[in-house]
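Where a number appears in this text, it was derived from the coordinates with a stated rule and is not lab data. Source: prediction; values computed, not measured. Because the Cβ atoms are built from the backbone with ideal geometry, glycine has one as well, and the counts that use them run over all protein chains shown.
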Amino acid sequence: MNAALLEVEGLTITLAGAAGAVVDDVSFRIDRAETVAVVGESGCGKSLTALALLRLLEPPLAIRSGAIRFDGIDVARASERELQRIRGRRIAMVFQEPMTALNPVLTVGEQIVEVLELHAGLRGAAARARAAELLREVEISDPERQLDEYPHRFSGGMRQRVLIAMALAGEPDLLIADEPTTALDVTVQAQVLDLLRELRRTRGMALLLITHDLGLVAEMAKRVLVMYAGRVVEETTVLDLFERPQHPYTRALLAARPALAKPGARLPTIPGVVPQVAHYPPGCRFHPRCAEAFARCSQAVPGFVAHGATRVACFAREESR
Amino acid sequence: MTRSRDPLVSLGRAIVVLVALALAAPLLALDVPFYASIPTGVATTGVGAVPEGVSLPWFEALVDVRRFASAVDRSANVALLLSIVFVPLLVRFRRSPRAIVFGACAWLLAGVAGAFVCECSRPSHDWVGKVAAARAAGQDVRAVFPPLAFAPTTIDAGHGREPPSARHPLGTDSIGRDVLVRVLYGARTSIATGLLATSIAVVVGVLLGAIAGARRGLADAVILRLIEVTACFPGFLLVMTWVALAERTSLYAVMTILGLTGWPTIARLVRAEFLRQADLEYRVAATALGAPWWRVVVVHLLPNACSPVLVAAAFSVSGAILAESGLAFLNLGDPTLASWGELLRQGRETGMLHLILAPGFLIFVTVTVMNRLASVLRDRFDPRRCEDVR
């Protein structure tokens, strides 16, 4: 296998003032043109991991240890200058909230042109023409006219597409999409996903998809990381995720899909909530909510064990081998 | 679609009229003719002799440091001349707010720069007196004066403390200077004070507020303390103290002190706006797309902080105008400049109504217009009141 596009090793993010690591010892890799999904409940560190990949964490959050190797560059130790050459040009990010991720006082055109000026070396009319082309690519009708509009004139779906257009303007090798469709309604969701898939195919762009929507994972991704309370608990292929989920948390997540609920019955849930950083339990962080937990789970942190193409961090799976 | 009456439009018109009057003052009132054709004789000899032949003395007088001792007046004069270029430009691009703001600033700066580049000093010609004398002597003199042939400093001997008349539409002050002329030139003093004091406050306030809000940490702590300390000094009292200590009162010193005590309000607003934006994703998004931090500040954060600054600036203009009038009223103003407050003071001393009404009315109108503008802008920028979705 050739070198990975992105390789994260032992990424640990801490919150000043809190004892436990918010993101603890996370490792994964993304190959060129590959789609990897990160799933988990809200507050499990998915978005933080994504921000850390671009070194966008701000105090009180900070990367404490770990390596982020992107195409031979150690992002975790890169200077501000090096980071500016990576951000937008090599790795781009589509943010979660289309309503606030666009600057309200600049026109859509100005915002796309800014990226083109920074990364594609385009100026003036050439930049404008390219911006219109990008808008057309993300299927916004009448792009020439829309360039001069302000974001408030756009619907949520259109703004999300503008954000994607901005992210694509630098022709990145890796696109990080943080809940790209959560804020959208279903029909627009499907369009945006089609668009992302299409772009990945035509541009050979890798995609890191952060979501809690398992349906989305099934449609888009090849490999999946399941995160819980700041740790990766299972890394698997999309097929195994649905066919042979290993970790009790993964199984609980899958069981909690509304589609599986019997009509009239209560929707299945995972009892309890993701603990706050300050209250992370010792040992396996999932054990207080885990149906299969036993004494050892609260004493030691489980290491990864391999099951075929799957890595899972669970003592129960260790024993069953 | 019905077009509702927009208070901004009428306020904007009022401001344009005020500024136009202030700029056009020498066009309406100056003791120098636009055009003069003088034969050799009475007019070209003696004290205050004028040059013979055909000339356009008005234009030269505009940048003459003897006629207009204050740079404020000379800048306004140059700006008046440049209006031939800038007014058509502004009218042409009236649809673009950006072009109007840049155009107005360029106009202002060109006026100030022009005043310093082409200043001259001519011997004091007594155009009014010499032309009258030559006419009395039956010579063929041709001279076209502005409607009011008085400068703000012209003392009309024997006409002191006169009520309004055909010669002096608003009467004269206690030493015989025309009130209407002084009111017109006084508008320049007021507007200049408002603009310069506010510009200083805005530049310092935006700069420090942005640094505090963007860099946080130590810079923020230092600037916050500076804001707190500065806000402790009452601007008006500080100006009065300075005037009492200084040997000669200068309007610039007044403006500077008012500006340097006024910036904390603006710095606070900018800082607060930056902190609010810290939580909005477009700030992180801009960084994520590779913009360096200064670019994020200048391109993304500052424009968003504009609206509260604009409101505070409008209030600051009216505050500075009031402060200047108050100083002049207390006889602490710049003695070389015509000022509304100074006329009011004479009115208070003499009890003559015509000295009180015109300047009092103008102070009232100007301050009301600026305050009203500020509150209309504030309502307009208030996100909870954004029914304006045309």
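Just a few scattered comments:
- Size of the protein assembly as shown: Rg and Dmax of its alpha carbons, in Å, are 35.8, 127.
- For trypsin sites (Lys or Arg not before Pro), the sites in region A:258-313 that DSSP calls loop and that have at most 14 other Cβ atoms within 10 Å are A:ARG266.
- Relative to the longest principal axis of the Cα atoms of chain A, the long axis of helix A:186-203 lies at roughly 80 degrees.
- In sequence order, calculated HN-Hα J values of region A:268-281 (Karplus, 6.51, -1.76, 1.60; Hz; x Gly/Pro): x, 9, 8, x, x, 10, 5, x, 5, 3, 5, 10, 4, x
- Taking every alpha-carbon pair under 8 Å whose residues sit at least 6 apart, region B:181-389 reaches a relative contact order of 28 percent.
- About its Cα centre, the dipole of the protein assembly as shown is roughly 420 debye, where the only charges are +1 on Lys and Arg Cβ and -1 on Asp and Glu Cβ.
- With Cα atoms, 0 to 90° folded angle of helix B:251-278 axis to chain B main axis: 20 degrees
- Taking GluC sites (Glu not before Pro) across region A:213-246, none is in a DSSP loop with at most 11 further Cβ atoms lying within 10 angstrom of its Cβ.
- Prolate/oblate/rounded label for region A:122-184 (Cα gyration tensor, a/c 1.5): oblate
- Only Lys, Arg (+1) and Asp, Glu (-1) charged, at Cβ; region B:181-389 dipole about Cα centre in debye: 200 debye
- Of the peptides A:208-216, A:94-102, B:213-221, the ranking by mean beta-carbon count within 10 Å, highest at the top, reads A:94-102, A:208-216, B:213-221.
- Binned Cα-Cα distance frequencies in region B:123-174 - 10 Å width, integer %: 20, 46, 30, 4
- Chain A, relative contact order [Cα under 8 Å, separation at least 6], %: 21 percent
- Modelled FRET efficiency - R0 56 Å, A:ALA261 with A:GLU133, Cβ distances, 0.05 increments: 0.80
- Axis of helix B:97-117 versus longest Cα principal axis of chain B: the two differ by about 50°, to the nearest ten degrees.
- This model, with +1 at the C-beta of Lys and Arg and -1 at the C-beta of Asp and Glu, gives chain B a dipole about its Cα centre of some 1100 debye.
- Most positive-pole-ward Cα, B:VAL239, B:ALA286, B:CYS306, against dipole of region B:202-310 from beta carbon charges: B:ALA286
- Rounded if a/c under 1.5, otherwise prolate or oblate - region B:181-389, Cα gyration tensor axes: prolate
- Sparsely packed loop sites in region B:235-310 (the trypsin sites (Lys or Arg not before Pro) outside DSSP H, G, I, E and B with at most 12 other Cβ atoms within 10 Å) comprise B:ARG248.
- Sum of -39500 (n - 2.57) over DSSP H runs of 4+, divided by residues of chain A (222 nm, nearest 500): -9000 deg cm²/dmol
- Projecting the Cα atoms of A:ALA21, A:ILE86, A:CYS44 onto the charge dipole of region A:1-152, computed from C-beta unit charges around the Cα centre, puts A:ILE86 farthest toward the positive end.
- Distance in nm between pseudo-label sites at A:HIS152 and A:GLU110 (7 Å out along the Cβ direction from Cα): 1.4 nm
- Partner chain coverage, peptide A:155-166 - average Cβ within 10 angstrom: 1
- Chain B: relative contact order in percent, alpha carbon pairs under 8 Å with at least 6 residues between: 17 percent
- When the P(r) is computed for region A:53-130, the part past 22 Å accounts for 39% of the Cα-Cα pairs.
- Exposed loop sites are taken as GluC sites (Glu not before Pro) in a DSSP loop (any state but H, G, I, E or B) with at most 10 other beta carbon atoms within 10 Å; the longest stretch of chain B without one runs B:1-246.
- With the convex hull drawn over the C-alpha atoms of region A:80-223, the volume per residue is 114 Å³.
- Simple rule: put +1 on each Lys or Arg Cβ and -1 on each Asp or Glu Cβ in chain B, find the dipole, and look at B:LEU251, B:PHE86, B:PRO169; the Cα lying farthest toward the positive end is B:PHE86.
- The overall shape of region B:1-122 is prolate: from the C-alpha gyration tensor, with semi-axes ordered a ≥ b ≥ c, the ratio a/c is 1.5 or greater and a/b exceeds b/c.
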